[in-house]
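Please read the structure below before turning to the comments.
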Amino acid sequence: MNGESRNETSLVYSYLELRRIIGLLGILFPFILALGALIFFSTGPQSSVSAYYHTGMRDVFVGILFAIGFFLLTYRGYERSDNRAGNLCCIFAIGVALFPCTPDVGATNTDQIIGYFHLAFAALFFLTLIYFSLRLFTKTDPDKPPSSRKIQRNRVYKVCGYAMLICILLIAVYIILPDSVASAFEPLNPIYWLEALAVLFFGISWFTKGEAILKDEE
């Protein structure tokens, strides 16, 4: 193997490792927040993943989102559309971190306005992640047939993408429910679980893209 081939192989492994890191952060994110708040601050379950910003886990919440944003910014795919999506996803992730959700108690008018920005950034963040899973990750080299493992990975990407989409739609439905109906589900913290599932599927999709599972056979 000549120097150029070694450099190319090293670059490929670096990209795979980057995708695995992004995926791992996504998979662990909701669990780190919930367990950290419980163990270190004796804080119980919150109404949403974003609500952990208003707990002792604020710095962890912001730090992980900035880390995900940084890794997405450095992500480089095969085409410009991959790079642009990564850059946009970075902006949206940082927007989620810098514009916290509206506090459940004692929210001011300013808090509510900032909360609207949070919802917008969060929606755009997940929509971009869905685009990654359904459109970018499923692309196949037109010059050669996809391997059996690539076909399997594509199935994972599609399941994760549609699962994220369903979670986001269910959150939207819950938000617009009449208070009399939504209050019946409130003790179950549905937004937290739907957000946690969406983030989990995001992590699985990227973890698979890094070939941590279903890796092509040598």
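The values are calculated or read from the model by the stated rules, or taken from the named source; none is laboratory data. Fair warning: this is a prediction, and the values are worked out from it, not measured in the lab. For neighbour counting, all protein chains shown are included, and Cβ atoms are generated from backbone atoms with ideal geometry for every residue, glycine included.
Before we move on, is Gly56 modelled with pLDDT of 95 or more, surrounded by fewer than 21 Cβ atoms within 10 Å (Cβ to Cβ) and part of a helix (DSSP H, G or I)?
Values: modelled with pLDDT of 95 or more: yes; surrounded by fewer than 21 Cβ atoms within 10 Å (Cβ to Cβ): yes; part of a helix (DSSP H, G or I): no.
The answer is no for Gly56.
Taking the stretch 111-154 as the search range and keeping residues that are β-branched (Val, Ile, Thr) and under 14 Å from Val96 (Cα atoms), which one is surrounded by the most Cβ atoms within 10 Å (Cβ to Cβ)?
Going through the stretch 111-154, the residues β-branched (Val, Ile, Thr) turn out to be 113-114, 128, 130, 138, 140, 151.
Checking which are under 14 Å from Val96 (Cα atoms) leaves us with 113-114, 128.
Numbers: Ile113: 12, Ile114: 17, Thr128: 21.
That would be Thr128.
Being aromatic (Phe, Trp, Tyr) and crowded, with 19+ Cβ neighbours inside 10 Å is the filter; apply it to the stretch 64-98 and report the residue that is nearest to Tyr116 (Cα to Cα). Please lay out each step first, then the result.
Kept after step one, since they are aromatic (Phe, Trp, Tyr), are these residues of the stretch 64-98: 66, 70-71, 75, 78, 92.
Going one step further and asking which of them are crowded, with 19+ Cβ neighbours inside 10 Å, we end up with 71, 75, 92.
Numbers: Phe71: 26, Tyr75: 28, Phe92: 13 Å.
Out of the qualifying residues, it is Phe92.
Go through the stretch 200-218 and give me each residue that's farther than 22 Å from Ser14 by Cα and buried (at least 23 other Cβ atoms within 10 Å of the Cβ). If you could, list the steps in order and put the result at the bottom.
Step one: filter the stretch 200-218 for residues farther than 22 Å from Ser14 by Cα, giving 200-201.
Residue satisfying the conditions is Phe201 alone.
Of the numbered conditions (1) surrounded by 14 or more Cβ atoms within 10 Å (Cβ to Cβ); (2) more than 29 Å from Pro142 (Cα to Cα), Gly106 fails exactly one; give the number of that condition.
Every condition holds for Gly106 apart from (1).
Being in a helix (DSSP H, G or I), at pLDDT below 95 and more than 26 Å from Ile213 (Cβ to Cβ) is true for just one of Arg19, Arg84. Which residue is that? I'd like the intermediate steps shown before the answer.
Values: Arg19 fails: more than 26 Å from Ile213 (Cβ to Cβ).
Of Arg19, Arg84, the one residue that is in a helix (DSSP H, G or I), at pLDDT below 95 and more than 26 Å from Ile213 (Cβ to Cβ) is Arg84.
May I ask you to say which residue of Ser148, Ser42 is out of contact with any Lys or Arg (no Cβ under 8 Å at 6 or more places or on another chain), at pLDDT 95 or above and not hydrophobic (A, V, I, L, M, F, W, C)?
On the way: Ser148 fails: at pLDDT 95 or above.
So the residue among Ser148, Ser42 that is out of contact with any Lys or Arg (no Cβ under 8 Å at 6 or more places or on another chain), at pLDDT 95 or above and not hydrophobic (A, V, I, L, M, F, W, C) is Ser42.
Here are some conditions: (1) touching a residue at least 24 places away in the same chain (Cβ under 8 Å); (2) closer than 24 Å to Trp193 by Cβ. Ile166 meets all but one. Which one does it not meet?
That leaves (1) as the condition not met.
Do we find that Leu194 is touching a residue at least 24 places away in the same chain (Cβ under 8 Å) and either small (Gly, Ala, Ser) or under 18 Å from Gln46 (Cα atoms) (or both) in this structure? Walk me through how you get there before you give the answer.
Numbers: touching a residue at least 24 places away in the same chain (Cβ under 8 Å): yes; either small (Gly, Ala, Ser) or under 18 Å from Gln46 (Cα atoms) (or both): yes.
Spelling it out, Leu194 is indeed touching a residue at least 24 places away in the same chain (Cβ under 8 Å) and either small (Gly, Ala, Ser) or under 18 Å from Gln46 (Cα atoms) (or both).
Report yes if some residue within the stretch 164-184 is aromatic (Phe, Trp, Tyr), out of contact with any Pro (no Cβ under 9 Å at 6 or more places or on another chain) and at pLDDT 90 or above; otherwise report no. Spell out how you get there, then give the answer.
Let us first name the residues in the stretch 164-184 that are aromatic (Phe, Trp, Tyr), namely 174.
From what is left, the residues that are out of contact with any Pro (no Cβ under 9 Å at 6 or more places or on another chain) are none.
No: the stretch 164-184 contains no residue that is aromatic (Phe, Trp, Tyr), out of contact with any Pro (no Cβ under 9 Å at 6 or more places or on another chain) and at pLDDT 90 or above.
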